[in-house]
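Worksheet: one structure, shown below.
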Amino acid sequence: MAISYNKLWKLLIDKNIKKTDLRHAAGISTNVIAKLGKNDPVSMESLTKICVALNCDIADIVEVNNDNGEENA
């Protein structure tokens, strides 16, 4: 299984929000932003903070890809 945050980056572009602005608004660290950029797992607490800051659902920012090619949100 692989995690992708491509939906998050697209949402930031659509809302014209920079990563730094998201970091401050969500109260997350630069390490979390770095992990997101590498599609590494981050805590639910961090993802929740991002969702609150962007007023969105977790499915709007995270995508889980199964090994067999099927996608789940």
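The values are calculated or read from the model by the stated rules, or taken from the named source; none is laboratory data. Computed from a predicted structure; not experimentally measured. Virtual Cβ from ideal backbone geometry, glycine too; neighbours counted across all protein chains shown.
Residue count for the range 34-61 under the criterion of being exposed (fewer than 15 other Cβ atoms within 10 Å of the Cβ) and assigned to a helix (DSSP H, G or I): the result is 8. Report, by residue number, each residue of the range 52-73 that is at pLDDT 95 or above and at positive phi. Passing the criteria: only 55. Filtered by the rule that a residue be touching a residue at least 12 places away in the same chain (Cβ under 8 Å) and either surrounded by fewer than 11 Cβ atoms within 10 Å (Cβ to Cβ) or on the phi > 0 side of the Ramachandran plot (or both), the range 22-33 gives a lone residue, 27.
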